[in-house]
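To start, the structure under review is shown below, and the notes come after it.
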Amino acid sequence: MKGMKRFLCLVLAGCFLPHMALFAGTGEGVKAWIATDATVPIQAGKPFTATVVLDLQPGFHTYWQYPGDSGLPPKVTWNLPEGWTASPIEFAIPHQFSEPGDMIVYGYEKQQLLRAVITPPNELPKNQTFEIKASLTWLACKELCVPGSAHVKLRVLGPTDGPASISWRQAIVPKGAWPESGKPPFPVSVSGKNGTKLVSFTRQPGITYELYPDLAEGTMAGHVTQIASQGQKGPVIVLSIPWDGSAAFKGLLVEKAGSARKGWWIGGESKIVASGQLSTQSSGVALGVLMAALFSGFLGGLILNLMPCVLPVISLKIFNFIAQAGESPSRIFRHGLAFAAGIFTWFLGLGVLIIALKAGGSQVTWGAFQFQSPYFVVGLSALVFLFAMNLFGLFEITLPGNAATSLDQAASRGGYFGSFFQGVFATLLATPCTAPFLGSALGFAFGQSPSVILAMFASVALGMSSPYVLLSARPGWRKWIPKPGLWMERLRQFMGFPLLATNIWLLWVLQNQRGSGALLALLALLLILGFCAWVYGSLPGASPRVRTVVLILLAGLLAISSPLLLKKILESAPISPSSGSREGIDWVPYSPEALESLRSQGKPVFLDFTASWCLTCQFNEKMAINLPSVRSLLREKGITAMKGDWTNSDPAITAALKSFGRVGVPLAVFYPAGKGSSPVVLPELLTEKIVLETLGK
């Protein structure tokens with residue numbers, strides 16, 4: 001009886017344990033889970049297969065390891081018990097889809113399968129269960145493309161003292177889903193000529209063929225074309241592939257006989273490419289598309305100079321030009337290059353950081369991953385405040401090796417570090433802005449390879465810095481600038497007020513993020529910094545001993561007060577967006593469920609993705625959205641106003657932005673009345689006319 005009871009337990013385990021998967025998908029149209037063909041109980045050291053399953057709703061498709069003309073492949077990251085290992089991911093045989101614009105993509109409908117071989121260690125404790133976990137990301141497309149993610153897991157039973165193992169077969173996997181392990185049963189020839197690869201073989205009667213190129217080690221500009229000719233043993237199929245680069249060609253040749261399909265890897269080495277290792281270089285971005293995206297990034301960087309985020313520092317640079325009016329053209333040009341170098345340094349540093357975060361599996365966005373952090377807001381607020389105090393003459397920042405040279409003098413009298421620092425400072429304030437052309441360009445770049453990401457940030461930096469380099473390179477501009485004089489000291493002090501205005505904005509951002517308690521703590525920190533700056537500014541006439549003692553006391557004051565105040569700021573609970581009237585508009589907080597509910601009822605929705613730290617967003621709301629004419633039209637047409645507040649990190653909003661190809665705010669979208677209506681995406685910079693015309697459609 002006792003043995004029978006144990007046997008029944010094993011039977012139940014064999015039926016249910018392999019199916020125990022955690023559904024945690026956040027992408028629209030996809031449910032993710034995991035299954036295994038492991039025996040129950042498993043055997044120490046014996047490999048088994050784990051299959052990740054993406055069930056797709058009708059109309060959605062996902063992508064193969066090389067997606068074709070667009071798309072991104074899924075990525076699987078395993079989290080296994082200690083001592084367990086997983087092989088690279090293998091993709092099931094894909095299908096080919098044609099999309100508008102003569103685009104060819106490779107992927108899956110209804111269901112996508114990805115498998116890996118899991119190997120437990122040679123020694124396992126008995127009578128224990130083990131969890132196999134995986135983190136997934138994917139891109140699912142219908143009319144729109146929606147990024148998704150999930151954390152899935154299953155439990156397997158370890159060795160027991162029970163009867164013989166029970167094996168569960170993976171009924172979910174259709175026959176012929178995976179590529180064959182060997183070579184095709186017929187000769188295949190691969191040759192290359194003038195940047196084109198030719199794959200030829202004799203066609204079997206009643207069978208058709210498809211070729212899926214794998215671009216993990218090459219590039220392709222174009223599509224596979226088929227040429228047929230008559231040979232001695234039957235029709236010869238010649239497939240022409242526009243293949244660039246010196247890497248050996250590799251592709252998946254698929255044979256179709258009715259509904260049955262078989263696939264074999266040909267060319268190169270027959271190794272499986274892990275999705276976790278597959279670079280987005282494999283997307284084979286066409287040169288024309290890349291150049292258009294880089295040009296958009298250049299225009300976006302150029303327009304950043306006119307955005308309210310950057311204007312305070314631009315005014316400083318204009319003052320710098322005035323101060324340099326009496327200098328030689330070559331020195332002025334070098335100052336312009338130093339300013340541009342600061343811009344490039346910060347942008348390329350951001351690019352490297354984004355590449356590192358993407359490699360670690362993080363969801364990265366433009367501006368948000370800095371300004372959603374209270375550390376960044378507090379640090380930038382302190383920096384802006386001290387810079388304003390410096391302009392007011394409260395203290396001077398001296399540089400090593402020349403105690404009589406202050407920061408502003410260094411910037412205008414041969415100190416290229418000052419110009420370089422102003423370039424860095426300008427980009428610090430530029431990061432929350434999404435200028436026209438910039439949002440779509442960065443949205444494209446963030447899904448590409450590291451080299452494309454760096455090229456995009458360099459293009460944005462070139463656009464932002466080019467006006468200053470051009471102005472400093474042309475001596476003719478000096479006749480429009482008044483000569484330096486005593487009036488410049490007043491102008492320098494005046495330039496401190498735009499920085500204080502910027503700091504008011506940063507204080508408001510922190511209040512919206514962490515509440516009034518955090519705001520008061522930051523004000524106290526700025527008060528202490530201002531006091532220390534004033535004392536430091538009084539030291540130049542003091543003796544060395546007095547200076548040393550005072551500096552030690554100031555450092556002690558900051559060392560004691562700063563951690564306490566920072567702790568108060570960071571421990572304040574994040575502020576959640578709330579519904580209700582906000583300056584005249586009854587905003588409904590965004591959630592995917594609320595939006596889907598309204599759309600299923602056929603109601604029109606105006607959706608505004610915004611953030612407190614985004615000055616462009618605030619400009620749009622004050623000047624184009626929150627106006628009597630717009631409020632009247634919203635009421636007249638029964639349009640629901642929905643706000644996605646991204647001041648604090650929100651994965652649902654991040655996913656929604658990425659579904660529109662954006663990596664930052666602002667983003668305004670209008671869903672007209674009617675079920676299944678196509679969304680209308682508004683420009684980044686709005687006017688009252690644009691909003692009224694869009695809502696009136």
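At 7 Å along the Cα-to-beta-carbon direction for both residue 87 and residue 538, put a label point, then send me their distance in nm to one decimal.
7.5 nm
Pop the C-beta distance of residue 629 and residue 208 into the FRET formula with R0 = 51 Å and round what comes out to the nearest 0.05.
On the way: r = 60 Å, r/R0 = 1.17.
With a Förster radius of 51 Å, E is 0.30.
When 468, 671 are ordered from fewest to most other Cβ atoms inside 10 Å of their Cβ, what list results?
Numbers: 468 26, 671 22.
Exposure proxy ranking, most exposed first: 671, 468.
Within 10 Å of each residue's Cβ, count the other Cβ atoms and sort 145, 617 from fewest upward. Let's see the in-between values first.
On the way: 145 21, 617 28.
Ascending number of Cβ neighbours within 10 Å: 145, 617.
When Lys and Arg each count +1 and Asp and Glu each count -1, what net charge do the other residues less than 10 Å away from residue 89, Cβ to Cβ, add up to? Working shown, then result.
On the way: positive: 75, 115; negative: 90.
Residues close to residue 89 contribute a combined charge of +1.
In nm, to one decimal, how far is the modelled label at residue 226 from the one at residue 356, with both set 7 Å along Cα→Cβ?
4.9 nm
Have a look at region 580-695 and give its Rg and Dmax from the Cα atoms, expressed in angstrom.
Answer for region 580-695, Rg first and Dmax second: 13.0, 34 Å.
Quick check: residue separation of residue 586 and residue 549 times 0.36 nm, minus the Cα distance between them. What number comes out in nm?
Computed gain between residue 586 and residue 549 is 7.5 nm.
Counting Lys and Arg as +1 and Asp and Glu as -1, what is the net charge of the other residues whose Cβ lies under 15 Å from the Cβ of residue 675? Can you show the working numbers first?
On the way: positive: 142, 599, 603; negative: 143, 596.
Neighbourhood net charge equals +1.
Any chance you could run the full-extension gain for residue 98 through residue 470? It's 0.36 nm times the residue separation minus the Cα-Cα distance, nm to one decimal. Walk me through the intermediate numbers first.
Numbers: separation 372, 0.36 × 372 = 133.92 nm, distance 4.63 nm.
Answer, rounded to one decimal: 129.3 nm.
Report, in listed order, any pair from 622/675; 153/256; 142/250; 46/126 with a Cα-Cα distance greater than 25 Å. All intermediate terms of the calculation are to be shown ahead of the outcome.
Numbers: 622/675 31 Å; 153/256 34 Å; 142/250 29 Å; 46/126 15 Å.
Where the Cα-Cα span goes over 25 Å, the pairs concerned are 622/675; 153/256; 142/250.
What's the exposure ranking of 586, 645, 37, going from fewest to most Cβ atoms within 10 Å? Mind dumping the intermediate values first?
On the way: 586 13, 645 22, 37 16.
With the sparsest Cβ surroundings first, the list reads 586, 37, 645.
Within 10 Å, count the other beta carbons around each residue, average over each peptide in 520-531, 131-142, 63-74, and list them highest first. Display every interim value, and only then the final one.
On the way: 520-531: 17.5, 131-142: 20.9, 63-74: 24.0.
With the highest mean Cβ count within 10 Å placed first, the list reads 63-74, 131-142, 520-531.
Using 0.36 nm per residue, how much length does the chain from residue 449 to residue 681 gain when fully extended, once their Cα-Cα distance is taken away?
On the way: separation 232, 0.36 × 232 = 83.52 nm, distance 2.64 nm.
Stretched fully, the residue 449-residue 681 segment lengthens by 80.9 nm.
For the pair residue 77 and residue 690, how long in nm is the line joining their label points, each one 7 Å along Cα→Cβ?
The modelled label-to-label distance comes out at 3.6 nm.
Readers should treat all values here as calculations from the given coordinates under stated rules, not as data from a laboratory. Remember, predicted model here, so these are calculated numbers, not experimental data. Please note: Cβ atoms are built from the backbone with ideal geometry, for glycine as well, and neighbour counts cover all protein chains shown.
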